[in-house]
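Participant: Sending over a structure as structure tokens; questions will come in a sec.
The values are calculated or read from the model by the stated rules, or taken from the named source; none is laboratory data. Source: prediction; values computed, not measured. No Cβ is skipped: glycine too gets one built from the backbone with ideal geometry, and neighbour counts run over all protein chains shown.
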Amino acid sequence: MIAAFSIARLPAIEFGEGALERLPEHIAAMGKQLLLVTGGASLQRTDHWKSLLDGLEQIGISYQV
């Protein structure tokens, strides 16, 4: 397993366990609206997709896919 770490300022690139779960808080630090751009539909077919959208909704981030 890769230990959690981040590099760069903007855009920040997050790696490691829990990175996807921390994404809503990173987004919230930049604003309240989000454009989600994904490749194909592979992410949208996973449990991670619902978890991400739930996290965004919980902290009041509006989004378009």
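Participant: Since residue 14 meets every condition but one in (1) part of a strand (DSSP E or B); (2) touching a Pro at 6+ places or on another chain (Cβ under 9 Å), which condition does it not meet?
Facilitator: Among (1) part of a strand (DSSP E or B); (2) touching a Pro at 6+ places or on another chain (Cβ under 9 Å), residue 14 violates only (2).
Participant: May I ask you to list pairs of residues, at least six apart or on different chains, whose Cβ atoms are under 6 Å apart, with the first in region 9-31 being hydrophobic (A, V, I, L, M, F, W, C) and the second being surrounded by 11 or more Cβ atoms within 10 Å (Cβ to Cβ) and in a helix (DSSP H, G or I)?
Facilitator: Close Cβ pairs satisfying both conditions: 20/48.
Participant: Name every residue in region 18-37 that is surrounded by 11 or more Cβ atoms within 10 Å (Cβ to Cβ) and either in a loop (DSSP other than H, G, I, E, B) or touching a Leu at 6+ places or on another chain (Cβ under 6 Å) (or both), in order of residue number.
Facilitator: 24, 27, 30, 32, 36 - these are the residues of region 18-37 that are surrounded by 11 or more Cβ atoms within 10 Å (Cβ to Cβ) and either in a loop (DSSP other than H, G, I, E, B) or touching a Leu at 6+ places or on another chain (Cβ under 6 Å) (or both).
Participant: Determine if region 42-55 includes at least one residue that is without any contact (Cβ under 8 Å) to a residue 24 or more places away in the chain, assigned to a loop (DSSP other than H, G, I, E, B) and loosely packed, with under 10 Cβ neighbours inside 10 Å. Can you show your working first?
Facilitator: Narrowing region 42-55 to residues without any contact (Cβ under 8 Å) to a residue 24 or more places away in the chain: 42-47, 49-50, 53-54.
Next, from what is left, pick out any that are assigned to a loop (DSSP other than H, G, I, E, B): 42, 46.
This time we only want the ones that are loosely packed, with under 10 Cβ neighbours inside 10 Å, so: 42.
Within region 42-55, one or more residues are without any contact (Cβ under 8 Å) to a residue 24 or more places away in the chain, assigned to a loop (DSSP other than H, G, I, E, B) and loosely packed, with under 10 Cβ neighbours inside 10 Å.
Participant: Right, another one. Among the residues of region 5-40, which ones are at pLDDT below 85 and either of a type in the set (Gly, Ala, Ser) or on the phi > 0 side of the Ramachandran plot (or both)?
Facilitator: 6, 8, 12, 40
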